[in-house]
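Only one structure is covered here, and it is reproduced in the block below.
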Amino acid sequence: MRTLPPVIKILFFLFAIQAFSPAVAQETMYEVFDVMDLPPGLNPKQKDSCSLEFQEQWIFNVASASISKKVNAFGISCKDSTEALSLPEGTVRLKNLSYEFSFMDLMDQMDQKARQLQETMITLINHRYQFPEVYNPRKQLLSVYFHEDWVIEADQQHVKKKVKGITPVIWQQRQTAEGEPIHDAATGYPVFYKLKLERIELRQP
């Protein structure tokens, strides 16, 4: 496994995604570049200018309600070029790690590949949990929490992830009493509040 060179973090959650043809009839695979805050177990000094970046393959099996992740490359990126962080030596085990993955950036661009990933996620969720009729998941399922166990072997440049469950997140735009959308005064972007649905336990492939 090769290590990604340090680069400036551009997007907090998601930078790029590429979809591939199904590996087998019941499986769909995506190539994902995922960016997240450093987990507390890898950030003892609580630095907030560095993030963890992964190039991964995500394999969905809707029939068995499972998601598996294969890490092809990873690295640490810091906004402050004078700040250097590295993974601890030896083997590090992180259990019950939860982080939010957002579709928002590519959804703004109406990226077809991001739509495909979102649709696959919705299909898998519906296989285990029926969305309440009041929600429109295609418009409102804009992020999910992954609940995972990690084993990191920094010396061998290897990370193994086990996806134990997911929590769907519904985004609802804030409105005035008259039903008009509320936008942030500084950015002009819509203002949302988020509702976590119940956690869905996934089977292990």
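Tabulated values for the structure
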quantity	calculated
Count of residues meeting criterion [surrounded by fewer than 12 Cβ atoms within 10 Å (Cβ to Cβ), touching a Pro at 6+ places or on another chain (Cβ under 9 Å) and either modelled with pLDDT of 90 or more or not hydroxyl-bearing (Ser, Thr, Tyr) (or both)] in region 77-87	1
Residues within region 56-76 that are modelled with pLDDT of 95 or more and of a type in the set (Ser, Thr, Tyr), tallied	2
Only one of Lys160, Lys164 that is under 18 Å from the mean Cα position of the chain (by Cα), crowded, with 18+ Cβ neighbours inside 10 Å and under 30 Å from Val62 (Cβ atoms)	Lys164
Region 128-167, residues that are under 14 Å from Lys70 (Cα atoms) and either among the β-branched types (Val, Ile, Thr) or part of a loop (DSSP other than H, G, I, E, B) (or both)	Val151, Ile152, Gln157, Val159, Val163
Residue pairs meeting the criteria (Cβ under 7 Å; at least 6 apart or on separate chains; first without any contact (Cβ under 8 Å) to a residue 24 or more places away in the chain and surrounded by 14 or more Cβ atoms within 10 Å (Cβ to Cβ), in region 117-141; second of a type in the set (Phe, Trp, Tyr) and assigned to a loop (DSSP other than H, G, I, E, B))	Gln118/Phe103
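The values are calculated or read from the model by the stated rules, or taken from the named source; none is laboratory data. The shown structure was predicted, so the numbers you read here are calculated from the model rather than taken from an experiment. Note: ideal-geometry Cβ built from the backbone for every residue, glycine included; neighbour counts use all protein chains shown.
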